[in-house]
Each structure stands twice: as C-alpha cells, then as structure tokens.
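First the structure, in the form of structure tokens, and then the observations on it.
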Amino acid sequence: MKQSSLLTLIFAATFLFLAVGISALAVTDPVESNYTLTALEMVQSGDWISPQIYGIYWYDKPIFLYWLLSLSYSVFGATDFASRLPAVLFGAMSCTLAAWFALRQTQRTATAVLFAAMTATSLAVWLISRSVITDQPLFFFSGATLFFAFIGLTEAKKNYVIAAYVMAAGAVLTKGPVGLVLPGLFLLLFAIIQRNAAYAKRLFPPVGIALFLLLVLSWYGPMYRLHGQDFIDGFLGFNNVVRATVSEHPKDNVWYYYLVLVPVSLLPWTGPCLYGLWKRRRRDDTYVFMAVWAIGTILFYSLMATKYPTYAYIANWPLLYLGAWAIDSFHQEDRHRLWLIVIIPALLFGLLFAALNFFTSKAPFPVDGLLLLTIFIAIMAFLILLAWWQKAYIALPILITAMTAVTYLIVTFQVLIPFYQYRSAQSLTTAPITGQAYFFEEYRTSYPYYTGKTAIWTSAGKSDKNSTQKRDAVWAKKYLYPKEEEASVINRLQNHQDLTLIVPRSQYQNYLASNFAPLTRETAHVAPTISLRRRHSQKGNIMKNLIHTLCDYHEPGVFNPWSEYDEQCDIGPAAPDIRCRQLRDYLEPRLHRARILLIAEAAGYQGCRFTGIPITCERMLLDAHKQISSSIILGRQGERTSRPDCTFMTSRPQQDKGMNEPTDTYVWGAIVDNGLDPKDVLLWNIFPFHPHKKSPFSNRTPSDAELAAGLSYAKALLHLCRPDIRVAAIGRKSAETLEAAGISAQSMRHPANGGASLFRKQFSRFSL
C-alpha cells in the first residue's frame, strides 16, 4: 500500500473511532464550558482577536482553540458535536502523524500502524481527543515540532527544522510560551548529551525563526496593541508565572504526581512503553531523544507549583513510540515471557472496566447495566491469554487494540454520556427557572453557554472558595463570572423579586445552613446534581390547587375519594377531608423530587378509595401491613376512613385492620426491594377516581371518556414534576392512554392475575 493511502486510511479510521458519540457528550463544567462560552461570544461579537467571557476580556489562553471552536460553530452551529469536533480532528491528525513518523524512521508498516493504534487507544489520548480543552492541539503541535526538529537535526535537513518552527508557532498560539520553551529545552539537551555541536547549530535557521515570529506576532502583536499591560499581566504574569510559582490545587502538589499519572494515562500500553524506556536504552539518537523528551517533560512539570492531569500529556508521545518499537522487537525475537509485559497491564485495564458493572449502581447519575461489557472483556481476556500461550504473538496487539476500542465505545454510550450530563448544566435548559438565575456556591458556565441567559454567583455570607480549598487568594482573579453578595440577594427575596436559586447537591447542607433557606422553597430537581430553589410563590399553593381540581370531578358510577362521603362505607363525614390531607402529605415531599412516576389504571375499593393515595391501601397507613409502614409513605401514621361495621366488609381482617390491596403490596414491595428512596417514586392512576359497578365494593375498567378526563389530571401532575422524571405505565389501559397522548412511558405488566413476577423484573430493570 502506498504511504499516502495508508496515512489516509489511518486518519479516517481514527477520526471515526474518536468521533463516535461526541454529539451526545454535553459540555461539562468547570473547564470545557469556559472555552465554549468564550468561542460563542467571539462568534456573536464578531471580535476574533480579543477573547471575551461574560462580556469581559480575559487572557486565560491564547487564541487558537477559540478560533477552532468559533469556526466549528459558524459551520455547524453551537452544538455538542461542533464543540468536540476540533479535538477529534487533532486527535486523528496526531495518530496520522505518529504513523508517518514511525514509517519514516523504521520503514516498517507494522510499526507505523501499531504506533497509530497505540496512540488512539491509550487512555489519555482517547479522553483528551474528545475534550474541549487546549491539550489535543498542543499535543499535535508539540509532537510535530519535536519530530520535525529531530529529523532536521539528525539528517541535516533544514526544511524540517523550519517546519518545526511553524509547528512551534501553532503550539505557542495554543498554550503560550511553553509551546516553544519546552521543545527548545529538550532539543538543546539532546544536542548536549549527544555531544554534537552540529545539532545545536542547526537549531536556529533564520527562515524558521522569522516564520515563527511572523505567525506568533500575528495575534500577540494586536493583543498588546489593543490591551497593553493588562494583557501582559493577565496572560504572562497570572496565567504563566503564577501557575508555575503558586499552586492552584495544593492537594495535588506532591512530587510523585506525574510519576503515577503518566503510566496510568498510557494504559493499556503502559507495560511496553516503560519496557521500551528502560530495557531498550542505548546511546543512539532515537532512544536518547525520546528519553530526554519523556523524562524531561515529567521533571519539568514536577517542578511547577500547579499540577494538572494534562500538563505532562506530551510525554506520552515518546513513550508510545518506544512502546511500539519494543513490541515490534518482541515479535521479531519471539520472546515468550516478555510478552507478559504487554498483556498484564492490558488485562488489568480491561478488568478495571469490567469492575464498573459492580460500582455504577452507586453512581449519582443513571447508568445502564454493563453486564455485556463484562462478558465481552472476559472473552477478549481469554483470547489474549490463549494467543500468548500458543505464541501467536502477532495477534496480541490486534486483540488488545480491539478489546480496548470496543470497551471505549461501550463506555462512551453507557457511562460517559450520563456522566457528562451530570457534570453539565445542559439539563437546566428545560428547567422551570423564573426571574434571574443565581448559582449557590458553585457557578456553572455551561448554563449561559446553553441558554444564552446570564446567571449570577452568590454564596452564604463571606464564603471563600480559595480558603476552603487551601489555595492562595491570588486565584480569585481567575473567576470572572457575575457575582452578587448574599445581603443583596436576601434583600431581593425579602422584596418578593422573582428569582431562582440553583443549588448543587454538593452544596445542599451549606444551603440549609444559610440565610437563603428560610426565604426559599424547593420547586424542582433537575439532573442528578442540581436542585432548584426559588422564593415562595404568591400565586397560591399548587398542591392545594391540584387537590381542589380533583375534588371538582363528579360523574355517575364513579366515587371521588377526596370530595364524596359514602354513609354506608365511610367512617364519618370527615372521611373526604382525611383523604385530602393524606394525599397532600403524600405528594408534598415527592413533587419536584421524584425521579420515577408509576401510573396504574384506576383507584380500587381496596386501595385509594379509602386512603386517598394512589396504589396504597389502608393497612399500610395503619401499620398493619407485613412489609410497608406508614412512615415511608406519609412520615406519620395515617387515619382510617373505612367503616369497620360496613355491611360490605365480610372478613374479620378487613373489619379489624382496614382494607388491603394485593396490587398495592406488589408495587410498594418492588420499591422497597430495589432499595429506592420512597420519596423518589411517585404513584398515580391514569383515572385517579374509583369507577365501580352497582356495589361500592367493586371495580370496573374506566370508559374511554373517563380515561380522557383522567388524562388531564396526569398531565397536570407531570407539569409539576421534574422535567427528567421517568414514567412507567402499569397495565394496558394506562399504557395505551399515555401513548395516545404522546407521553413517553415504559409499559409494565400489571402485577394482578399472575403478572407479579414479570412486573418485578420489569420494575427492577426500569429503576436502575
């Protein structure tokens, strides 16, 4: 195959691999959203020179990533796909560059393909090539700078050194001075260690330096002209010097930080990479250059005060190359034991993903079952060990690459998509936010990015984020989002200004202890991490309105538990009021919180007819039930409304303990057995009233007209629930009615008439 065809194929394959699922990966906080909002403001303002965020000039990073994002938004719109496309492109370009360099240096197609495959499937490259940060373009430009410079120095090819300066300009426009300083330092050390003065002389071609200055000053020059000392102080002073001398994350400031992080970032290829660095050491140019690059990067960033996971990312380039080189030598030398260096880290890496199946159930965001992933990894592990045992070494890199690639794809859809949603404020776009939005303690930049609306940060008293994180107060300069002091927001609430306070779950206890809590109330839960709180409504109690609406329904052959009194069956005239109170106390802690809504068919005479609570019977409220207590339903003991001496009560248990309904037992039992918080599940009936035959102690199927009437109450209830609530329909009538109304609901078998076992299985899967 021609070199150009091979490289084109590698680019296409790696691009498609890295691009899978990116359109569903929400922009996360706190890092990605800063880049996306800045780029979006660039497009909207038409100013493609001076980066702005919240309408304020800021100098956090150079311009290149903002240009990439702005171009992407101009073509594709401000979508998640457009946000992640530049990183994917540079990820694929990096893999192609890897293949080109390996092919040129070794003349072996297998090594070139292996280097590209190892690059694409290494943990750090896979993650960062899909992230909205500067590091993937920097990775490409830094790699290209050093690869081109190495060829230019060792082969005396001036054009390659000039090309290296052009790539260094790209790095400086992406990340700042480090894009030149670090490669230049490595190249000088390489020349010194090899004691080759010619290498040092070739480092400074006038044409290359001129092109570098021309490209770099095309942006840095106008920025200095427009912003002067503010730009120098903000970019070079704060975002470079301060980062190097003052730790932004003191808890991470340990000497071994990158000694742990870099090997992890290389998985599943850590074994051959470290083997290639240690066991293959020699004085030839290639090894020395790669060793200086890898070790020098780790040492350089270890000396910096601020540690960050991606800072030493460029060290992966030489280590992956040495790893591909080592694997190729393994194959040639047929060394049985050395192949364990390749497969052991890979299998441990696979085992790590297989273990996700046992931990994601406790994740604060929904995750589908990962049993299929576990089975797949087990099969691949068996095949890898079999290939090693049979000395089919040529198959091992292929099997490891396939195992890793497929694992990444599964994890993308089943874990990363909900996790990114968890780390984003995207879900707030559909939240019932009224008035000005305020973030309590933790600001989410993705909110103004997705909504186009301004949000304001506030806190409890004089909360100091830098103090709680034990970092220097100088880092307060980093946060440019709009702020408002507690006293000012309290004054707005006391003056009945309509506003919404958004409280992350991590700050919930702080919120309860703050001065905001007495002045606000919970209105909705949106996404796994965000609860919405706003001032008390002056428009009446929505709970009271809902119950009043229910009380207004009256039709022949239907009993309304909340407004009708049956002298034969009810304990007294106060029975409807008791049932209203019980419904209110049941709904109040669940509305705006529940994440699951179960809708059955209609109220029955053994259940809601006497309790006023859907799918709930009297014995549960009276603590006479074997499994379900009143505390998990009402938080208190309920009251009986059925008349013990009712002529329709023919059994002694009914007379002594109240009514009992098997369906209610099945449903509440499923909630408890699956370990759910009872307040996270809301029960309802598509026809909330009791349709009966001639006898009040009978049930009948609601008519179409009754179902249509009941649907309006279900819609009203859904309007009060959190937007992301998941709905399930119990029984055919409920499912058909909801489907006809265009309401998405999971259909479940009714537990009556032999359907209990299937219902339990369906509910168990649904509740995950």
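The values are calculated or read from the model by the stated rules, or taken from the named source; none is laboratory data. Since we're looking at a predicted model, the values are computed, not measured. Every residue, glycine among them, receives a Cβ derived from its backbone with ideal geometry; neighbour counts consider all protein chains shown.
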Q | Count - residues of segment 16-32 that are assigned to a loop (DSSP other than H, G, I, E, B) and within 12 Å of the chain's Cα centre (by Cα) | A | 6
Q) Does Ile490 qualify as being at pLDDT 70 or above, outside the structural domain of Pro723 (by TED's automatic domain parsing) and part of a strand (DSSP E or B)? A) no
Q | Every residue from segment 479-516 that is free of Cβ contacts under 8 Å to residues at least 12 places away in the same chain and within 28 Å of the chain's Cα centre (by Cα) | A | Gln509, Leu512
Q) Taking segment 602-614 on its own, how many of its residues are out of contact with any Ser or Thr (no Cβ under 7 Å at 6 or more places or on another chain) and outside any helix (DSSP H, G or I)? A) 7
(Q) Taking the conditions exactly as written (touching a Cys at 6+ places or on another chain (Cβ under 8 Å) and not in a loop (DSSP other than H, G, I, E, B)), does Ala144 satisfy them or not? (A) no
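Matching residues to (1) in a loop (DSSP other than H, G, I, E, B); (2) out of contact with any helix residue (DSSP H, G or I) (no Cβ under 8 Å at 6 or more places or on another chain); (3) polar (S, T, N, Q):
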position	(1), (2), (3)
Tyr553	yes, no, no
Asp577	no, yes, no
Arg581	no, yes, no
Ala600	no, no, no
Arg619	no, no, no
Q) Of all residues in segment 588-641, how many are within 27 Å of Asp704 (Cβ to Cβ) and not β-branched (Val, Ile, Thr)? A) 15
Q.
Considering only segment 683-695, I want to know if a residue exists there that is of a type in the set (S, T, N, Q) and in contact with a His (Cβ under 9 Å, 6 or more places away or on another chain).
A. no
(Q) Would you confirm, using the coordinates I've provided, whether Ala603 is farther than 18 Å from Trp562 by Cα and not hydroxyl-bearing (Ser, Thr, Tyr)? (A) no
Q.
Could you check segment 32-57 and list, in sequence order, the residues that are buried (at least 20 other Cβ atoms within 10 Å of the Cβ), more than 15 Å from Trp67 (Cβ to Cβ) and aromatic (Phe, Trp, Tyr)?
A. none
Q: Determine whether Ile327 is β-branched (Val, Ile, Thr), out of contact with any Cys (no Cβ under 8 Å at 6 or more places or on another chain) and either in the same structural domain as Ala149 (by TED's automatic domain parsing) or modelled with pLDDT under 90 (or both).
A: yes
Q: Determine, yes or no, whether Asp29 is of a type in the set (Asp, Glu) and crowded, with 19+ Cβ neighbours inside 10 Å.
A: yes
Q) Mind checking which pairs have a first residue in segment 634-652 that is in the same structural domain as Asp680 (by TED's automatic domain parsing) and surrounded by 11 or more Cβ atoms within 10 Å (Cβ to Cβ) and a second that is hydroxyl-bearing (Ser, Thr, Tyr) and assigned to a loop (DSSP other than H, G, I, E, B), Cβ under 8 Å, 6 or more apart or different chains? A) Phe648/Ser695
Q) What do you reckon, is Leu114 within 42 Å of the chain's Cα centre (by Cα) and crowded, with 24+ Cβ neighbours inside 10 Å? A) yes
Q: For Thr401, indicate whether it is in contact with a Gly (Cβ under 8 Å, 6 or more places away or on another chain), at pLDDT 90 or above and assigned to a helix (DSSP H, G or I).
A: no
Q: Of all residues in segment 578-610, count the ones that are among the acidic types (Asp, Glu) and modelled with pLDDT under 90.
A: 2
(Q) Quick check on segment 388-442: of everything there that is among the small types (Gly, Ala, Ser) and more than 28 Å from Leu37 (Cα to Cα), which residue is nearest to the chain's Cα centre (by Cα)? (A) Ala405
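Here's the yes/no breakdown for (1) farther than 24 Å from Leu7 by Cβ; (2) in a helix (DSSP H, G or I); (3) free of Cβ contacts under 8 Å to residues at least 40 places away in the same chain:
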site: Ala87; (1), (2), (3): no, yes, no
site: Phe101; (1), (2), (3): no, yes, no
site: Val132; (1), (2), (3): yes, no, no
site: Leu138; (1), (2), (3): no, yes, no
site: Gly179; (1), (2), (3): yes, yes, no
site: Leu185; (1), (2), (3): yes, yes, no
site: Leu188; (1), (2), (3): yes, yes, yes
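Matching residues to (1) outside any strand (DSSP E or B); (2) under 33 Å from the mean Cα position of the chain (by Cα); (3) farther than 14 Å from Ile671 by Cα:
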position: Ala716; (1), (2), (3): yes, yes, yes
position: Pro723; (1), (2), (3): yes, yes, yes
position: Val727; (1), (2), (3): no, yes, yes
position: Ser734; (1), (2), (3): yes, no, yes
position: Leu738; (1), (2), (3): yes, yes, yes
position: Asn753; (1), (2), (3): yes, no, yes
position: Phe759; (1), (2), (3): yes, yes, no
position: Gln762; (1), (2), (3): yes, yes, no
Q.
With the requirement that a residue be within 26 Å of Asn240 (Cα to Cα) and in contact with a Lys or Arg (Cβ under 7 Å, 6 or more places away or on another chain), what does segment 133-174 give you?
A. Thr134, Leu138
Q) Among the residues of segment 635-644, is any at pLDDT below 90 and either assigned to a helix (DSSP H, G or I) or hydrophobic (A, V, I, L, M, F, W, C) (or both)? A) no
Q: Sort out for me the helices (runs of 4 or more DSSP H) sitting completely within segment 339-389 that have 3 or more residues that are over 24 Å from Gln762 (Cα atoms) and either of a type outside the set (Phe, Trp, Tyr) or modelled with pLDDT under 90 (or both).
A: 339-354, 371-389
